[in-house]
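Asks: First the structure, which I've put down as structure tokens, then a few questions once you've had a look.
The values are calculated or read from the model by the stated rules, or taken from the named source; none is laboratory data. Here the structure is a predicted model, which is why all the values come from computation and not from measurement. Here the Cβ is made from the backbone with ideal geometry for all residues, glycine too, and neighbour counts use every protein chain on show.
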Amino acid sequence: MNTTINWQLSLQERRTQLLGYLLLAATVGGGGGLGLFYFSFPAEMGMLARGIELLPFFAIWGLVLIAWSGQRLGYQLRTGITLAVVLLLGLYTMRRGGIVGIGTLWLMLMPILSFILGGT
């Protein structure tokens, strides 16, 4: 019985570590990706138009930043924020690119992350 509890605690620690690594990678990679995306727009596109185009991505990146920096939020809330970010990215990119776009892959990632981080 005691080994089962130790095993469950060890598994939960691994999930917490994985969530931390995922959020760190999303924070660093998302910031770099936003910068790259900003400079990849056509030169004649103004700063305001670029900002409007990037606004949803900045909002989603802000959620990732909150989940990554908020260690006191608790595991369940941070996992919920991570899954919400994946869902929002999937829906937004699918709306922009259609069914053959990258949004479909983001939406396929949702149940995989739910299974790994949720522990069911």
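Asks: Assigned to a helix (DSSP H, G or I) and under 20 Å from LEU109 (Cβ atoms): is that true of ALA84 in this structure? Give the steps one after another, and end with the answer.
Replies: On the way: assigned to a helix (DSSP H, G or I): yes; under 20 Å from LEU109 (Cβ atoms): yes.
Here the answer is yes, as ALA84 does meet what is asked.
Asks: Please state which one of ALA67, ALA49, ALA59 is aliphatic (A, V, I, L, M) and either more than 30 Å from LEU117 (Cβ to Cβ) or in contact with a Pro (Cβ under 6 Å, 6 or more places away or on another chain) (or both). Quick ask: steps written out before the conclusion?
Replies: Numbers: ALA67 fails: either more than 30 Å from LEU117 (Cβ to Cβ) or in contact with a Pro (Cβ under 6 Å, 6 or more places away or on another chain) (or both); ALA59 fails: either more than 30 Å from LEU117 (Cβ to Cβ) or in contact with a Pro (Cβ under 6 Å, 6 or more places away or on another chain) (or both).
From the options ALA67, ALA49, ALA59, the qualifying one is ALA49.
Asks: Within the range 6-38, how many residues are under 19 Å from TRP61 (Cα atoms) and in contact with a helix residue (DSSP H, G or I) (Cβ under 9 Å, 6 or more places away or on another chain)? Steps first, answer last, please.
Replies: Keep residues of the range 6-38 that are under 19 Å from TRP61 (Cα atoms), which gives 18-38.
Next cut, in contact with a helix residue (DSSP H, G or I) (Cβ under 9 Å, 6 or more places away or on another chain) only: 18-20, 22-24, 26-27, 30-31, 33-34, 37-38.
The number of residues fulfilling the criteria is 14.
Asks: Would you check which residues across the range 76-104 are at pLDDT 80 or above and hydrophobic (A, V, I, L, M, F, W, C) and list them?
Replies: Taking the range 76-104 and keeping what is at pLDDT 80 or above, we get 76-95.
Selection gives LEU77, ILE81, LEU83, ALA84, VAL85, VAL86, LEU87, LEU88, LEU89, LEU91, MET94.
Asks: State the number of residues belonging to the range 27-58 that are β-branched (Val, Ile, Thr) and closer than 22 Å to ARG95 by Cα.
Replies: Filtering the range 27-58 down to residues β-branched (Val, Ile, Thr) leaves 27-28, 52.
Within this subset, residues satisfying the condition of being closer than 22 Å to ARG95 by Cα are 52.
Here the count works out to 1.
Asks: Anything in the range 33-57 that is assigned to a helix (DSSP H, G or I), surrounded by 12 or more Cβ atoms within 10 Å (Cβ to Cβ) and not small (Gly, Ala, Ser)? List them, or say none. Before you say what the answer is, go through the steps one by one.
Replies: Filtering the range 33-57 for residues assigned to a helix (DSSP H, G or I) gives 33-39, 47-57.
Pick out the ones that are also surrounded by 12 or more Cβ atoms within 10 Å (Cβ to Cβ) and you get 33-34, 37-38, 49-50, 53-54, 56-57.
Scanning the range 33-57 gives LEU34, PHE37, TYR38, ARG50, GLU53, LEU54, PRO56, PHE57.
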